[in-house]
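Written below as C-alpha cells is the structure these notes are about.
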C-alpha cells in the first residue's frame, strides 16, 4: 500500500481530499476557544491544509507547528496565511520529528496512517509530549476502509494503544461534529504523566 509523500501530493494536486472540511473542525474550535496559555507549543501532525493551525495562529497562538509529508498541503497553508512562519511548516515524516510539545492535536492523521503503525503512533506521541502534555482531537468511530485511508476503528481498540502511555481523561462520542460525521467521531483527551513508562 503506497502512503508515500507522492501519494499524498497527488491527492492534494487533484483535490481528492474528501477528508478536508474546508474549515476548522467544530469540536476542535470549541476546545481551542477554552485554551488560555497562548505560549503553548502545539503540534498538528499530518495536518494537511490545517485550518486548525490557521485558526490557532490567527487567535494569538504563535508556537504552532504543522508536520506533513505533502509539500503541496504545507504550501496551501502558507498561501492562505502568509504570515505563518515557514520554519513551523515542517515537511517530513511525523515519526522522524524530534522535538517536544505541550499539546498535540489529532485531526484525520491517525486514520491516514496504516493501522499497523498505531502502536508506534501512541509511543511516538508519548515521546514528543512534555510532562503533563496533552494529546487531544478526534478519532473515527466507524469501520471505514480496509485497503486505503481513511482507516476506521472503535473506542475499545483505541484504548489498547493509549492506556499504557497516557491517562485517558476523555474518549467519548463527539456531540458537535459536522453533520456528515455525526455519530462517527470520538473526541478524546489524553495526558502524559511523569510516571508512565513502557518497554
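The values are calculated or read from the model by the stated rules, or taken from the named source; none is laboratory data. Remember, it's a predicted structure, so these values are computed and weren't measured experimentally. Cβ atoms come from the backbone with ideal geometry, glycine included; neighbour counts cover every protein chain shown.
Points worth noting:
- In segment 148-163, the qualifying residues are those that are surrounded by fewer than 17 Cβ atoms within 10 Å (Cβ to Cβ) and modelled with pLDDT of 90 or more, and the one that is farthest from residue 114 (Cα to Cα) is 163.
- Scanning segment 118-139 finds no residues that are over 18 Å from residue 42 (Cβ atoms) and free of Cβ contacts under 8 Å to residues at least 12 places away in the same chain.
- Of the residues screened, residue 44 is not one that is closer than 16 Å to residue 109 by Cβ, out of contact with any helix residue (DSSP H, G or I) (no Cβ under 6 Å at 6 or more places or on another chain) and surrounded by 19 or more Cβ atoms within 10 Å (Cβ to Cβ).
- With respect to the conditions (1) within 17 Å of residue 19 (Cβ to Cβ); (2) out of contact with any helix residue (DSSP H, G or I) (no Cβ under 6 Å at 6 or more places or on another chain); (3) assigned to a strand (DSSP E or B), residue 90 falls short on a single one, namely (1).
- Residue among 136, 81, 105, 168 that alone is surrounded by 14 or more Cβ atoms within 10 Å (Cβ to Cβ), under 22 Å from residue 53 (Cα atoms) and over 13 Å from the mean Cα position of the chain (by Cα): 81
- Among (1) touching a residue at least 12 places away in the same chain (Cβ under 8 Å); (2) in contact with a strand residue (DSSP E or B) (Cβ under 9 Å, 6 or more places away or on another chain); (3) surrounded by fewer than 18 Cβ atoms within 10 Å (Cβ to Cβ) - the single one residue 143 does not satisfy: (1)
- Cross-chain or 6+ apart pairs with Cβ under 6 Å, segment 66-88 first and more than 17 Å from residue 12 (Cβ to Cβ), then assigned to a strand (DSSP E or B): 88/65
- Residue count, segment 1-30 (criterion: under 14 Å from the mean Cα position of the chain (by Cα), assigned to a helix (DSSP H, G or I) and in contact (Cβ under 8 Å) with a residue 60 or more places away in the chain): 2
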